[in-house]
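Inspection log for the structure reproduced underneath, given as structure tokens.
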Amino acid sequence: MSGIPVLDLSLLNGTPEQQAAFRDDLRRATHEVGFFSLVGHGVPAELIDRAYEVARAFFALPESHKLAIENVKSPHFRGYTRMGGERTLGRVDIREQVDIGAERPAVPVGPDTPDYWVLQGPNLWPESLPELREVAEEWIARLDEVGTRLLRAWAEALGAPSDAFDAAFATPSPYMKVVRYPGVEAEQPAQGVGAHKDLGVLTLLSVEEGKAGLQVEKDGQWIDVTPPSGSFVVNIGELLEIATGGYLKATLHRVVSPEPGTERISIPYFHGPSLDATIPTIELPPALAAEAPGVTDDPANPLHAVFGENWLKSRLRAHPNVVEAQHPRLLVGA
């Protein structure tokens with residue numbers, strides 16, 4: 001069992017009744033749970049298989065090859081994060097990963113340039129594995145299409161025009177990670193990645209087939225999620241919570257480490273708008289607005305409507321070593 005609802009995106013190619021049923025299920029799943037598994041998405045199985053082959057090849061590279069693209073060398077928070085090199089809620093996550101975003105030139109920084117523009121720039125690619133760039137760029141292009149379809153369906157499901165979010169994505173900020181969680185021997189479940197909410201609009205996560213570890217918080221309990229074969233786990237981020245006045249809630253989730261002698265590889269994709277975009281507020285129909293309790297008020301995690309501000313908040317917390325090496329003036333408390 002998936003543990004969360006399963007939705008079929010191919011219904012949007014069907015009859016008007018099937019399309020309406022998908023939008024209704026989409027709205028209900030993300031209002032009640034904030035997570036669902038997506039099948040019928042159209043991403044080729046061949047690409048998914050190739051992505052995992054390249055992921056295993058990357059993590060099998062000699063340490064020196066991976067450290068040649070370590071993220072402390074990137075002012076844009078790209079590249080390889082060594083084991084234990086990222087934090088969630090101040091605690092070390094037990095995973096290694098490579099972060100990849102849109103391949104664009106860096107923005108010249110002046111006295112009036114918002115700090116979040118440091119997030120735009122080129123990636124760091126391993127010289128010995130050119131296939132990583134090929135797969136990553138195809139992955140981002142395919143998942144961008146899926147994310148766009150979902151956002152348009154969400155808008156309609158919430159009583160807005162289908163293009164309500166389009167302007168915010170005029171120059172999108174797609175982002176992905178390729179992540180490896182090693183097996184850990186521990187009395188209590190070890191922190192692969194700690195409990196957190198995603199900072200952006202929506203996330204599409206591919207998990208190696210048959211691998212557990214993802215847990216979603218629901219009514220104070222942790223639900224184990226094992227997605228169907230070939231599916232993507234989809235969850236909303238903090239900006240969709242802002243856009244809907246809390247009708248859609250960004251949901252806490254975490255990954256517990258796999259058993260000793262095993263590993264877990266996953267590939268999350270984050271569908272982000274323009275760095276300087278302010279996510280639009282959706283005027284909900286009265287029946288839905290009555291069920292919108294407002295945006296979460298957490299002084300420890302202030303939400304920013306401008307995407308770049310919310311994203312930079314996350315990077316500063318998660319990678320203080322990169323901040324120290326590349327942007328010491330942005331160190332928290334500096």
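The values are calculated or read from the model by the stated rules, or taken from the named source; none is laboratory data. Keep in mind it's a predicted model, so treat the numbers as computed, not measured. Using ideal geometry, Cβ is built from the backbone for each residue, glycine included, and neighbour counts are taken over all protein chains shown. Note: accessible area is taken over every heavy atom of the protein model, side chains too, but ligands, DNA and RNA are not part of it. Shrake-Rupley method; radii C 1.70, N 1.55, O 1.52, S 1.80 Å.
Details
- Scanning segment 143-199 for residues that are among the hydrophobic types (A, V, I, L, M, F, W, C) and assigned to a strand (DSSP E or B) turns up Met176, Val178, Val179, Val193, Ala195.
- Of all the listed residues (Tyr247, Tyr269), the sole one being crowded, with 21+ Cβ neighbours inside 10 Å, in contact (Cβ under 8 Å) with a residue 60 or more places away in the chain and farther than 29 Å from Gly84 by Cβ is Tyr247.
- Hits in segment 52-65 (condition: open to solvent by 10 Å² or more (accessible area, probe 1.4 Å) and in contact (Cβ under 8 Å) with a residue 60 or more places away in the chain): Tyr52, Val54, Arg56, Ala57, Phe59, Leu61, His65
- A count restricted to segment 74-106 and to residues that are out of contact with any Phe, Trp or Tyr (no Cβ under 6 Å at 6 or more places or on another chain), of a type in the set (Lys, Arg) and touching a residue at least 60 places away in the same chain (Cβ under 8 Å) stands at 2.
- Residue within segment 279-286 that is open to solvent by 50 Å² or more (accessible area, probe 1.4 Å), more than 26 Å from Leu158 (Cα to Cα) and over 23 Å from the mean Cα position of the chain (by Cα) present: no
- Residue within segment 7-20 that is touching a Pro at 6+ places or on another chain (Cβ under 7 Å) and either closer than 17 Å to Val146 by Cβ or of a type in the set (Lys, Arg) (or both) present: no
- Contact map, segment 140-158: first residue farther than 16 Å from Ile279 by Cα, second residue β-branched (Val, Ile, Thr), Cβ cut-off under 6 Å, separation 6 or more or different chains; pairs are Arg142/Val43.
- Residues located in segment 132-150, provided they are under 21 Å from Asp8 (Cβ atoms) and small (Gly, Ala, Ser): Gly147
- Identity of the residue in segment 8-37, within 21 Å of the chain's Cα centre (by Cα) and over 23 Å from Gly245 (Cβ atoms), that ends up most open to solvent (accessible area, probe 1.4 Å): Asp8
- Failed condition for Val225, given (1) open to solvent by less than 10 Å² (accessible area, probe 1.4 Å); (2) modelled with pLDDT under 90; (3) not hydroxyl-bearing (Ser, Thr, Tyr): (2)
- Annotation: of all residues in segment 105-124 being more than 19 Å from Glu309 (Cα to Cα) and open to solvent by 50 Å² or more (accessible area, probe 1.4 Å), the one that is farthest from the chain's Cα centre (by Cα) is Pro105.
Residues are listed down the side, and each one gets a yes or a no for (1) open to solvent by less than 10 Å² (accessible area, probe 1.4 Å); (2) in contact with a helix residue (DSSP H, G or I) (Cβ under 8 Å, 6 or more places away or on another chain):
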{"residue": "Phe165", "(1), (2)": "yes, yes"}
{"residue": "Val201", "(1), (2)": "yes, yes"}
{"residue": "Glu208", "(1), (2)": "no, yes"}
{"residue": "Gln215", "(1), (2)": "no, no"}
